[in-house]
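In what follows, a single structure is set out as structure tokens and then discussed.
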Amino acid sequence: MVPTTPPPTLHVASGDLRAQEVDVLVAPAFKGEIEGPGTGAVLGALGLDGFPVSHAFRGDVGQTLRLAAPDLPARSVLLVGLGRMVDADAAALRDAAATAVRAVPDAPSLATTLAQIHPTAASVHAVAEGLLLGAHADQRWRTQGDERAPALTRATVLVPSSRSAGAREALARAAITAGATRTARELVTTPPADKTPAALAATLGELCADLDVEVWGPDELAASGCHATLAVGGGSEHGPRLLRLRYAPRGSTGRVALVGKGVTFDSGGLSLKDRTGMQAMKSDMAGAATVAAACAALGELGVRVTVDAWLPLVENLPGARSYRPGDVVSHPDGTTTEVVDTDAEGRLILADAVALAAATEPDAIVDVATLTGSAAHAVGAYAGALLCDDEGLLGALREAGRDSGERLWPLPLWPELDRFLRSDVADHRQVGDSPAGDPGSDAILAGLYLRRFVGEVPWLHCDLPAAWLGSGMGWGHLPEGATGFGVRTLLSWLGPDR
Ligand code: MN
Ligand code: MN
């Protein structure tokens, strides 16, 4: 088998882009015929006056143009477009760096002035993350290498010499945050037969070997009242687990709980999905992968808050022991839910885990989950939807999203929808029964449902449409398939500055 491409080594250097002895010089360009740092000099060395060098390349976001460089030590120059100069923030630099790496898959080495557009550590961090994420190619199930997999092994990030110390720190931090993101991608990419609940619990436990790790089997789940999780996992031969992770730094400054949905494969259960609906359902454990990958990086980043993670892991299959529409399941807080749709399994297992987390009275609970198609309808494929009625917590996660370049957008928790979660037989109804059907409300109703289990604890739910992108949907630092979306936002939120 072909291994996952190792991360390229990154270096900070100062000096002239033209003089770099690498395969490709990555030179930024803005829309409006404006050259980025070093770009004019490189074009001059190629005997070009500057922009536009071709009618096709106008410096738009996502555009690249490769030029041969016969008179330079480098083999070629890659112009990478950043769009309008005013829009070229750190997130744009991250995306441009990843786009550049994927545009030259044959190049083992490159140098770039992208981080010189803004002379800050944040821009060096963003460019480094873009290079590392763009170079990632998971080939564990191939016997022949994929020609689209980047060959990059070495990249030089050029910065002014006065900034090299800060830039080196930013590179070291990017290696951790991008590494955690790559880990989450690989967990999601893993075929579902290779990550049954018990197998995934073992894999995540190894990943987090530096943390306190506990794996609950069916007996512990029953003893703690997680009957919804047991019901959802009942149809599979591979029974449910709950993985507990605890990161407890000395001199801890607070305590937060993270919850991640870990449906290792979601067939829909008896409410069976169709062929296309089931295709990417190995990605339904992306919430758990995101939380575990982030937790594994907390120590290296020097995070100072205690983090408790609650990861329910189940496989949702039809079978003789499947749970049924009409069943009533109970949760650790003693309340009951009427099952309506066995394909809405995520909110049931999250309710159990959120109730367990709330009982420990942390400062905040953040749950991440690939929960509803409705969230993707609302915010699109490239984003996460936030549901939260605590302004402080919502603001902190939105700021972390801006810092990580992950697009997060809030949806409302309209109180008048809550009555559609009333059941005729139980305390809660699993999905809404609004008379109009109202499919657009499902992401909101899932949030309202989960809020019933958080008690007084500040809580935020993040629905993750962007955890998986379909064929042809790759863009910027997000590849098609597993993206690892959410890991860097969690790490930014929890970061040592918190
Ligand atoms: Mn489902
Ligand atoms: Mn699901």
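The values are calculated or read from the model by the stated rules, or taken from the named source; none is laboratory data. A quick note: this is a predicted structure, and the numbers were derived from the prediction, not measured. Don't worry about glycine lacking a Cβ; one is built from the backbone with ideal geometry, like all the others, and counts go over all protein chains shown. Note: areas computed on protein heavy atoms with side chains; ligands, DNA, RNA excluded. Shrake-Rupley method; radii C 1.70, N 1.55, O 1.52, S 1.80 Å.
Going by the structure shown, is Pro73 at pLDDT 95 or above and either of a type in the set (Ser, Thr, Tyr) or touching a helix residue (DSSP H, G or I) at 6+ places or on another chain (Cβ under 9 Å) (or both)?
Here the answer is yes, as Pro73 does meet what is asked.
Of the residues in region 374-397, how many are surrounded by fewer than 17 Cβ atoms within 10 Å (Cβ to Cβ) and either under 17 Å from the mean Cα position of the chain (by Cα) or of a type in the set (Phe, Trp, Tyr) (or both)?
Final tally of qualifying residues: 2.
What tally of residues in region 161-177 results from selecting those that are within 13 Å of Ser123 (Cβ to Cβ) and open to solvent by less than 70 Å² (accessible area, probe 1.4 Å)?
5
Can you give me the ranges of the strands (runs of 3 or more DSSP E) entirely in region 54-128 with at least 2 residues that are of a type outside the set (Asp, Glu) and more than 29 Å from Gly166 (Cα to Cα)?
Correct list: 64-68.
For the subset of region 276-319 comprising residues that are free of Cβ contacts under 8 Å to residues at least 12 places away in the same chain and either part of a helix (DSSP H, G or I) or touching a Gly at 6+ places or on another chain (Cβ under 8 Å) (or both), which member is most open to solvent (accessible area, probe 1.4 Å)?
Going through the qualifying residues, I end up with Thr276.
Consider Glu361 against the criteria (1) within 25 Å of Glu391 (Cα to Cα); (2) among the charged types (D, E, K, R); (3) open to solvent by 20 Å² or more (accessible area, probe 1.4 Å); (4) within 16 Å of ligand 2 (Cβ to nearest atom): it satisfies all of them except one. Which criterion is unmet?
Exception for Glu361: condition (4).
For the list (1) at pLDDT 95 or above; (2) more than 22 Å from Pro150 (Cα to Cα); (3) buried (at least 18 other Cβ atoms within 10 Å of the Cβ); (4) of a type in the set (D, E, K, R), I need the number of the one condition that Asp23 fails.
(2)
Give Val329, Val368, Val339 a once-over and let me know the one that is aliphatic (A, V, I, L, M), assigned by TED's automatic domain parsing to the domain that holds Trp468 and away from ligand 2 (no atom under 15 Å from the Cβ).
Val329
Determine, yes or no, whether Ser54 is open to solvent by less than 40 Å² (accessible area, probe 1.4 Å), at pLDDT below 95 and at negative phi.
yes
Given the structure, is Asp341 modelled with pLDDT of 95 or more and either more than 16 Å from ligand 1 (Cβ to nearest atom) or touching a helix residue (DSSP H, G or I) at 6+ places or on another chain (Cβ under 8 Å) (or both)?
no
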